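Comments concern the structure below.
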Amino acid sequence: MKEEFYRVVGINIQAVRKRANKSQEVLAKELNVTTRTIQNYEKGKCVDFFVIKKLSESFKCDVNDFLVGL
């Protein structure tokens, strides 16, 4: 169940990032993480709520956009 949650969040992170026309590199710099970290988030590897909160602030969207989709 947890793996499915991370997979869905990863898909949503990628969708929001692409909709904003941002590269993984640009997003990584904004969040002060590596590009590899962004890639791992988008692949559905562990991402915590604080990261999702930072993403929502970066993209000026609701946290739920990452949790349940657009």
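Within segment 12-29, the only residue that satisfies the criterion of being within 16 Å of Asp48 (Cα to Cα) and either over 8 Å from the mean Cα position of the chain (by Cα) or part of a loop (DSSP other than H, G, I, E, B) (or both) is Ala28. Applying a threshold of 6 Å to beta carbon distances and a minimum spacing of six or more residues, or different chains, the list of pairs starting in segment 1-24 at a residue that is charged (D, E, K, R) and ending at one that is modelled with pLDDT under 95 and part of a loop (DSSP other than H, G, I, E, B) reads Arg7/Gly44. Selection of segment 30-58 for residues being of a type in the set (Phe, Trp, Tyr) and under 10 Å from the mean Cα position of the chain (by Cα) yields only Tyr41. Of all residues in segment 30-48, those that are in contact (Cβ under 8 Å) with a residue 40 or more places away in the chain have Cβ atoms under 7 Å from Cβ atoms of residues that are among the hydroxyl-bearing types (Ser, Thr, Tyr), 6 or more apart or on another chain, in Gly44/Tyr6; Cys46/Tyr6; Val47/Tyr6; Val47/Tyr41. Looking at segment 34-66 only, could you name the residues that are open to solvent by less than 40 Å² (accessible area, probe 1.4 Å), at pLDDT 90 or above and assigned to a loop (DSSP other than H, G, I, E, B)? Gly44, Cys61, Val63, listed by residue number.
The values are calculated or read from the model by the stated rules, or taken from the named source; none is laboratory data. What you are looking at is a predicted structure, and each value in this text was computed from that prediction instead of being measured. No Cβ is skipped: glycine too gets one built from the backbone with ideal geometry, and neighbour counts run over all protein chains shown. To get the accessible areas, we keep the full protein, side chains included, count just its heavy atoms, and leave off ligands, DNA and RNA. Shrake-Rupley method; radii C 1.70, N 1.55, O 1.52, S 1.80 Å.
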